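**Q** Quick one: the structure is below, and I'll ask about it shortly.
What follows draws every value from the coordinates through simple rules; no lab data is involved. Here the structure is a predicted model, which is why all the values come from computation and not from measurement. Heads up, the Cβs are rebuilt from the backbone with ideal geometry, glycines too, and the neighbour counts pull from every protein chain shown.
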Amino acid sequence: MAEVITPSTPEQLREAIGWAVGTNSPLEVFGSASKRAFGHAVAADHVLDLSKLSGVLFYEPEELVLSVRAGTSLAEIQAVLREKNQQFHFEAGNFPGLLGDGGAENAGTIGGLIATNLSGPRRIKVGAARDHLLGFEAISGRAEDFKSGGRVMKNVTGFDLSKLMSGSFGTLGVMHTITMKVMPCDEKTRTVLIACDDIERAGAAMTRAMGSENEVSAAAWLAASDIAKLGIDVASTMSSGVVGLRVEGPAPSVAWRCEALRKLLAEFGTTEELHTINSHSFWKSVADVMPFSGGTGILWRVSGAPASGGRIAAKLAAETGGQVMMDWAGAQIWLLLPGDDAKAGQVRQIAQSEDAQAVLVRAPADMRAAVPVFHPEDAALARINQKIRDNFDPAGILNPGRTRPIASDGGHA
């Protein structure tokens, strides 16, 4: 059983990493371990558990800024924000539920969210989690303190390390303090639904909506078989697959834009609207990838150009026999495969033919050990990334093997 180290202060965190460097003891780093099954298994006999590095340090609703310890749970943070009718605008979903490692009670920590750079349906309008990270403080794999940014966007000058740390999966440094931009919740939200079973036409409808003046904040497509899993009241006329288009803002503006969208897209199929409660439920289900949640089945995430999403999704469904769901106006495609074959070569060949990337999100441990989880890097990018890792963590102490499996000779596979 792995030895667990649980620092409760930044000083203790630095000491723990310093010990690991001095004794050449690699560390598996996590907060709640809710995303442990995302990526390759970490080659370490010691665990650095950040769950005690938690708590809100300051929250200034008028300035739209929040600073917390990295081990603070998202549930705690979201409860604090709800009291002031505010939110993280990038609305990341319940990724642990998608992995089958946790329900709503374990949606992970803010550190894990930033380390994996997760984002929900509003990404197409407001960017990813990294775009809302104002600053952080961390300990590198050298056991040295470093930080970037501050409490306002104008503090981000020079080389923006916040963008580098976001999505690094804890391989460059261990963040202990995170400062985020928050935003007010919108006054009104509605969702226009368009009946559409044809995946490519659904992609075309989303592209037209995003190119209009109607400021759509989210666009997704779900198959008919997945609609019933959402638990929302959809009219019987919508018994097909549906394109969902979200509109947010002041009530009069929302009503006008929804009507404009229905007229603009009438040729694609029957339309209807979801109002506040059902609209929120619909997009929470999309953010959580609810139709594919529960931990069963092999799950891929394919990312490409939004305008190509319908074509890529249709090709993936036809050639792999899997089920697909589109988010981010087609830029993010979820592919659920039947059986126990990851079909990695087939999925990646389709993705590469469309200049897209494929990530294996959910699969058994033995499959994740045999198949590259993340999209293969070209040689030039691999060299750059290795140089960055060598500078931040020269001994390979932090989460070794998480993004690239360790080969039997000690190198990377």
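**Q** What FRET efficiency comes out for the pair Ser8/Glu200, r = Cβ-Cβ distance, R0 = 60 Å, nearest 0.05?
**A** Given R0 = 60 Å and the Cβ-Cβ separation, E is 0.65.
**Q** Now, a different point. What number, rounded to the nearest 500 deg cm²/dmol, is the helix-based mean residue ellipticity at 222 nm of the chain, given -39500 (n - 2.57) per DSSP H run of at least four residues and division by all its residues?
**A** Computed mean residue ellipticity for the chain: -9000 deg cm²/dmol.
**Q** Taking the Cα-to-Cβ direction at Val80 and at Ile277 and moving 7 Å from each Cα, how far apart do the two end points lie in nm?
**A** 3.0
**Q** Order of Arg142, Arg348, Arg123 from fewest to most other C-beta atoms within 10 Å?
**A** Arg142, Arg348, Arg123
**Q** Can I ask one more? Would you grab the residues whose amide H sits under 5 Å from the one on Ala70? Only those 5+ places off in sequence or on another chain, please, with H modelled 1.01 Å from N.
**A** Thr177, Ile178
**Q** Which lysines does Lys315 reach when only Cα atoms under 18 Å apart count, and residues fewer than 8 places away in its own chain are ignored?
**A** Lys315 reaches Lys343.
**Q** Distance cut-off 22 Å, Cα to Cα: go down the list Lys163/Lys387; Lys181/Lys387; Lys229/Lys263; Lys188/Lys229 and report the pairs above it.
**A** The answer is Lys181/Lys387; Lys229/Lys263; Lys188/Lys229.
**Q** Then there's this: Dipole magnitude of region 187-283 about its Cα centre, charges +1 at Lys/Arg Cβ and -1 at Asp/Glu Cβ only, in debye to the nearest 20?
**A** 100
**Q** Show the residues, 5+ positions off or on another chain, whose built amide H is closer than 5 Å to the amide H of Leu48.
**A** HN-HN under 5 Å from Leu48: Ile5, Glu28, Val29, Phe30.
**Q** If each residue of separation counts as 0.36 nm, what is the full-extension length gain between Glu62 and Lys263 once their alpha-carbon separation is subtracted?
**A** 68.5 nm
**Q** If R₀ is 25 angstrom, what is the calculated FRET efficiency for the pair Leu164 and Ala305, using the beta carbon separation as r and rounding to 0.05?
**A** 0.55
**Q** Give me the number: length gained by fully extending Ala228 to Ser25, i.e. 0.36 nm times residue separation minus the C-alpha to C-alpha distance, one decimal in nm.
**A** So the chain would gain 68.2 nm between Ala228 and Ser25.
**Q** Go through (1) 36, 26, 18; (2) 32, 26, 23; (3) 35, 24, 21 and flag the label whose value is the computed semi-axes √(5λ) of the Cα gyration tensor in Å for this structure.
**A** The value computed from this structure is option (1).
**Q** Search the structure for amide H atoms under 5 Å from the amide H of Ala218, placed 1.01 Å from N in the peptide plane, and list their residues when 5 or more places away or on another chain.
**A** Placed amide hydrogens put Arg246 under 5 Å from Ala218.
**Q** Also: Which whole-Hz ³J(HN,Hα) couplings does region 109-115 yield from phi under the Karplus relation 6.51 cos²θ - 1.76 cosθ + 1.60, θ = phi - 60°, glycine and proline marked x?
**A** Whole-Hz 3J(HN,Hα) from phi for region 109-115: 10, 5, x, x, 4, 5, 4.
**Q** Using a Förster distance of 41 angstrom, determine the FRET efficiency expected from the C-beta separation of Ala369 and Trp256, and round it to 0.05.
**A** Step by step, r from the Cβ atoms, then E = 0.15.
**Q** Same structure, new question: Going by alpha carbons, how many degrees (0 to 90, nearest 10) lie between the helix axis of 379-392 and the longest principal axis of the chain?
**A** Compared with the principal axis, the helix lies near 50 degrees.
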